[in-house]
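Every number in this text was worked out from the coordinates using simple rules, so none of it is lab data. Everything quoted here is computed from the prediction, not taken from an experiment. Here Cβ is always computed from backbone atoms with ideal geometry, including for glycine, and neighbour counts include all displayed protein chains.
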Amino acid sequence: MPGKFELKKAKNGEIYFNLKAANEEVILTSEMYKSMRGALNGVASVKRNAALDARFEKKNTKTGKPFFVLKAGNHQVIGVSESYSSEAARDAGIASVKKTAGSATVSDLSK
C-alpha cells in the first residue's frame, strides 16, 4: 500500500495535511492553510521538494530531540516531522518522506 496525504480541517477551520507512510505512521505534518486550494498546493510542493536533500533541514528541539523540516525553494516551511529519539531515527524519517511523497495518494478527510 502506498503512502498518502490526509487532508484535515483544524478546529479554527484551516486545512492541514499529514503525510503517512505505508504503515500509516505520520511522517510529516504541514503548516496550516486558509483554503483547500492552498493545502493542495502544499501537497504538490511536498511532492516536488521531497526528492531534494537540500530541502530538508535537520534540527533539534529545545530538549535536544532531533526532528526535521521540509522547505520549498523559497525557504518557506512546507512540513515538520515529529521529534525522534535519535539522529539515525530522524534520518530514517527523512528517507521515508523521500520514498513516500512522490507516489502518495491524497485523501480528503476535511469534510
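Scan region 45-63 for residues that are in a helix (DSSP H, G or I) and either exposed (fewer than 13 other Cβ atoms within 10 Å of the Cβ) or basic (Lys, Arg) (or both) and the total you get is 5. Counting only residues that are surrounded by fewer than 19 Cβ atoms within 10 Å (Cβ to Cβ) and in a strand (DSSP E or B), region 21-32 holds 2 of them. Could we say that residue 73 is surrounded by fewer than 13 Cβ atoms within 10 Å (Cβ to Cβ) and either in contact (Cβ under 8 Å) with a residue 40 or more places away in the chain or not hydrophobic (A, V, I, L, M, F, W, C) (or both) here? Spelling it out, residue 73 is indeed surrounded by fewer than 13 Cβ atoms within 10 Å (Cβ to Cβ) and either in contact (Cβ under 8 Å) with a residue 40 or more places away in the chain or not hydrophobic (A, V, I, L, M, F, W, C) (or both). All of (1) in contact with a helix residue (DSSP H, G or I) (Cβ under 7 Å, 6 or more places away or on another chain); (2) under 19 Å from residue 9 (Cα atoms) hold for residue 34 with one exception: (1).
Beta carbons closer than 7 Å, at least 6 apart along the sequence or on distinct chains, pair a first residue in region 84-100 that is under 14 Å from residue 26 (Cα atoms) with a second that is part of a helix (DSSP H, G or I) and basic (Lys, Arg) for 84/90.
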